[in-house]
Each structure stands twice: as structure tokens, then as C-alpha cells.
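Novice: What follows is a structure written as C-alpha cells; I'll ask about it next.
The values are calculated or read from the model by the stated rules, or taken from the named source; none is laboratory data. What you are looking at is a predicted structure, and each value in this text was computed from that prediction instead of being measured. Cβ placement follows ideal geometry from the backbone for every residue including glycine, while neighbour counts extend to all protein chains displayed. What goes into the accessible areas is simple: the full protein's heavy atoms, side chains included, and nothing from ligands, DNA or RNA. Shrake-Rupley method; radii C 1.70, N 1.55, O 1.52, S 1.80 Å.
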Amino acid sequence: LGAERRARLPLGEMGWPLVGGMWAFLRAFKSGKPDAFIASFVRRFGRTGVYRSFMFSSPTVLVTTAEGCKQVLMDDDAFVTGWPKATVALVGPRSFVAMPYDEHRRIRKLTAAPINGFDALTGYLPFIDRTVTSSLRAWADHGGSVEFLTELRRMTFKIIVQIFLGGADQATTRALERSYTELNYGMRAMAINLPGFAYRGALRARRRLVAVLQGVLDERRAARAKGVSGGGVDMMDRLIEAQDERGRRLDDDEIIDVLVMYLNAGHESSGHITMWATVFLQENPDMFARAKAEQEAIMRSIPSSQQGLTLRDFRKMEYLSQVIDETLRLVNISFVSFRQATRDVFVNGYLIPKGWKVQLWYRSVHMDPHVYPDPTKFDPSRWEGHSPRAGTFL
């Protein structure tokens with residue numbers, strides 16, 4: 001970098017050769033005290049909001065303030081996606097984690113309606129409703145205790161596979177679950193492709209996962225060529241049909257990588273965040289009573305002719321929405337995201353050199369007492385009538 005540019009870098013330390021700050025990072029998270037990692041930088045170098053380190057095999061700047069995160073996330077000229085090599089290889093080079101900005105925008109626009117559109121959500125709701133209800137009954141009928149997170153993950157996986165591949169048989173579902181679980185272990189591991197390392201096993205799992213999805217995709221395309229309809233429409237069907245304003249459609253690699261990405265986002269996060277919301281409500285009986293009363297009032301308002309819940313009913317769940325936002329703030333499953341500087345750029349007055357990676361520490365923003373008073377307290381009421389400033393709720 002040269003002496004002049006080096007002098008303008010954020011404070012911090014690069015750690016051991018090759019390993020950098022990864023041992024301290026992993027130790028903090030495995031100890032159950034994830035905030036200890038950033039706290040060690042604050043303790044040694046002060047509250048500068050940006051620190052330098054060596055993470056996931058790259059020189060990296062850690063950004064920990066709302067203003068810094070907002071600047072990096074909104075500057076598409078100075079920053080592009082910069083996820084670790086392991087994540088890109090496992091989720092897929094044609095997924096959002098590796099795309100240039102223009103392609104990201106095209107695919108995002110193309111997949112928004114099949115995934116989050118009104119028609120898609122309306123179609124998914126009845127199955128979600130039935131699956132959750134039957135799961136709750138099965139747990140109640142069990143007679144003893146259940147391992148709650150394990151059961152939630154099974155339930156959310158069943159839902160996400162149905163949404164993706166409506167008619168998937170049990171063998172396909174089991175194959176997907178086994179491969180996906182192994183792939184997920186290596187998602188944020190160091191990219192060491194040697195026997196015994198999580199990344200090597202995860203690469204094998206991705207190949208199996210892609211093979212299963214490609215097989216289903218081949219069957220769908222062959223059926224379409226013969227004019228055979230499978231009945232219901234799932235996400236894979238919607239992605240096959242999607243086309244942009246120029247008539248371009250997604251190819252197989254794009255569809256598979258999008259599905260792998262949403263499989264991770266939709267299953268893992270949903271299971272964990274549901275567990276934590278349940279734990280917080282159990283620990284706060286008054287909040288539980290209020291959330292339950294709201295649900296019961298909504299149930300009473302549903303006409304007898306209506307089958308199950310609708311999106312209109314969900315929009316009435318104001319207090320439950322606050323509970324979910326507060327759970328996401330306090331737990332924040334996606335605690336960090338990754339960018340890369342395309343040129344020399346300054347954040348909080350410190351230099352981020354061209355080519356360096358940037359880690360945005362969402363958790364540090366959410367646990368900042370200057371942003372959220374008494375941040376370790378679970379308090380859904382903080383969201384009542386509150387619209388968070390840009391960069392403060394990530």
C-alpha cells in the first residue's frame with residue numbers, strides 16, 4: 001500500500017499469517033458470546049466504528065456502525081458483493097452472492113414475483129397452514145418432550161421443499177435434506193478442500209444437491225415439451241416460466257443456484273428465528289398473552305366460509321410483527337454480510353483500499369445502546385409506531 005495509504009487504514013490487527021483473525025472469530029462464536037469478537041477491537045482500539053483484520057483469507061475492514069453500514073450498502077459504485085470463497089462456491093456462482101450489480105438487479109426483478117408476489121404467497125399459504133397445524137398436533141400427541149429446534153427445522157424444510165418442488169416424493173425430500181444439512185455446515189467455513197474439513201464435505205453435498213435439483217428440472221422440462229401439466233404450480237415452475245422485458249428466461253444453472261440460495265435463506269433462518277421468538281415469548285408471559293389475544297381476535301373475525309388464513313389476516317398481526325422484528329434485532333441470524341471495495345474509499349474517515357473485503361457487522365448495530373436503548377432487553381414495544389432510520393435495522 002505504501003506508507004501514506006497504510007497510515008490512513010483503520011486501527012486493528014491482521015493476526016497470524018494465513019489464519020488472521022479467524023481463530024478469535026470462531027472462538028467467540030463457539031463460546032456462545034459472539035459479541036466478544038468485536039468487543040475486543042473496541043476495547044483495544046476505541047469506538048472508531050471500523051477496524052482492520054485478516055478474515056476468510058483476505059485483508060478486511062470490519063464496519064460496526066449504522067452510518068458506516070448504510071454508506072457501504074448504498075454505494076454500488078464503490079462496493080460490490082464480496083462473500084467468502086466457500087460461500088460463493090457452495091451457494092453457487094449464479095446466485096445473488098456472486099453476481100455483478102446489473103445481473104443481480106435483473107435476476108432479483110425476475111424472481112421477485114415467483115417468490116414473494118401476491119399470487120405466489122396466496123398459493124403457498126394453505127400448505128404452510130396445514131403443515132404447521134399438523135406439526136403442532138404431532139408434538140402435542142407425542143406425550144413427552146420434543147427437541148424443539150430439530151422439529152422446527154424438519155417442519156420448515158418440509159414447507160420449503162413443497163414451495164420449491166410441490167410434488168417432490170419422500171425419497172427426493174430426504175436426499176435434499178441430507179445434502180443440504182451437510183452443505184450448510186461448510187457455508188462460512190474456511191475454504192480448505194482437504195479431508196476432514198467442513199468445506200470439503202460441503203462441496204460433495206452441493207454436487208449431490210445440484211444433481212437432485214437438475215433431475216427434477218429435467219423432468220419438468222420434458223413434461224412441458226410433451227404438454228403434460230403436473231397440477232399445482234410451485235417455485236420451480238414459476239422460475240422456468242419467468243422472463244424479463246426482452247423475453248430472456250433463466251437457464252438451468254441460474255434456476256438451481258437461486259433455489260439453493262433460497263433453500264438456505266428460507267429454511268435455516270425460519271427455523272432458528274421461530275425457536276427464539278418462542279423462547280422470548282415463554283420468558284415474557286405478558287407479551288405472550290398479548291400476542292395470543294391478537295391471534296384469537298383475528299381468528300374470531302374470519303368468516304365461517306373462509307378456509308384457513310389469508311394475506312389479509314396476516315396484515316392484522318401488528319403486535320406479532322413487532323415481536324418478530326424485535327427477535328430479528330436481538331438474535332439476527334444473518335449477523336454479518338460481505339462487500340469488496342472497487343476503488344479506494346473512505347468510511348468514518350478511514351481508508352478502505354481497492355480490492356479489500358468489507359464485513360458489515362449487523363449485530364453490532366443492533367446491539368448499540370446509542371441506537372437501541374437497553375439493547376439486550378427483549379422489548380417488542382420499541383417498534384410501536386417506530387420507523388427505524390436507514391442503516392439501523394439490517
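Novice: Per-residue counts of other Cβ atoms within 10 Å, averaged by peptide: what ranking do you get for 305-313, 7-15, 83-91, highest first?
Specialist: Listed from highest to lowest mean packing, they are 83-91, 7-15, 305-313.
Novice: Hey, another quick one. Before rounding to the nearest 500, sum -39500 (n - 2.57) across all DSSP H runs of length at least 4 in the chain and divide by the residue total; then give [θ] at 222 nm in deg cm²/dmol.
Specialist: Result for the chain: -17000 deg cm²/dmol, rounded to the nearest 500.
Novice: Taking square-rooted eigenvalues a ≥ b ≥ c of the alpha carbon gyration tensor, is region 102-263 rounded, prolate or oblate, where a/c under 1.5 means rounded and, failing that, a/b exceeding b/c means prolate?
Specialist: oblate
Novice: Provide the per-residue ³J(HN,Hα) series for region 24-39, in order, calculated from phi with Karplus coefficients 6.51, -1.76, 1.60 and θ = phi - 60°, each as a whole number of Hz, with x at glycine and proline positions.
Specialist: Values per residue, Gly and Pro as x: 5, 4, 5, 4, 4, 6, 6, 7, x, 10, x, 5, 5, 5, 5, 4 Hz.
Novice: Work out from phi, with θ = phi - 60° and the Karplus expression 6.51 cos²θ - 1.76 cosθ + 1.60, the ³J(HN,Hα) of each residue of region 49-66, listed in order in whole Hz, and give x for Gly and Pro.
Specialist: Karplus values, whole Hz, x for Gly and Pro: x, 9, 9, 9, 7, 10, 10, 6, 6, 9, x, 9, 10, 8, 10, 10, 10, 4.
Novice: Q282 to F346: FRET efficiency via 1/(1 + (r/R0)^6), r the Cβ-Cβ distance, R0 35 Å, to the nearest 0.05?
Specialist: Using R0 = 35 Å, I get an efficiency of 0.15.
Novice: Under 16 Å from a point placed 7 Å out from the Cα of T122 along the Cα-to-Cβ direction: which residues of region 224-264 have their backbone N that close?
Specialist: 233-234
Novice: If you don't mind, another one. So what is the accessible area of the chain per residue, in Å², with the probe set to 1.4 Å?
Specialist: Averaged over the residues of the chain, the accessible area is 53 Å².
Novice: Long-range amide H contacts for V358: which residues qualify at under 5 Å (H placed 1.01 Å from N, peptide plane, sequence gap of 5 or more or a different chain)?
Specialist: The list, which skips near neighbours in sequence, is V61, R339, Q340, A341.
Novice: At a Förster radius of 45 Å, what calculated FRET efficiency corresponds to the Cβ-Cβ distance of T376 and R221, to the nearest 0.05?
Specialist: Efficiency, from the Cβ-Cβ distance: 0.30.
Novice: Only sites in a loop by DSSP and with at most 12 other Cβ atoms within 10 Å count here; which trypsin sites (Lys or Arg not before Pro) in region 210-305 make the cut?
Specialist: Counting only loop positions with at most 12 other Cβ atoms within 10 Å, the trypsin sites (Lys or Arg not before Pro) in region 210-305 are K226, R246, R248.
Novice: Each residue of region 241-252 in turn: what ³J(HN,Hα) in whole Hz from Karplus with 6.51, -1.76, 1.60 and θ = phi - 60°, glycine and Pro shown as x?
Specialist: 7, 4, 8, 7, 5, 8, x, 6, 10, 6, 8, 4
Novice: Expressed in nm to one decimal, what extension gain is obtained for the pair R154 and L194 from 0.36 nm per residue of sequence separation less their Cα-Cα distance?
Specialist: Value of the extension gain: 11.4 nm.
Novice: Suppose R0 equals 30 Å; then what is the FRET efficiency for K292 and A36 from their Cβ-Cβ distance, rounded to the nearest 0.05?
Specialist: Once the sixth-power term is evaluated, E becomes 0.25.
Novice: In whole angstrom, how far apart do the alpha carbon centroids of region 297-328 and region 178-242 sit?
Specialist: Cα centroid of region 297-328 versus Cα centroid of region 178-242: 33 Å apart.
Novice: Over its Cα atoms, what ratio of radius of gyration to 2.2 N^0.38 Å does the chain give? Numbers along the way, then the final one.
Specialist: On the way: Rg = 22.7 Å, N = 394, 2.2 N^0.38 = 21.3 Å.
Compactness ratio reported: 1.06.
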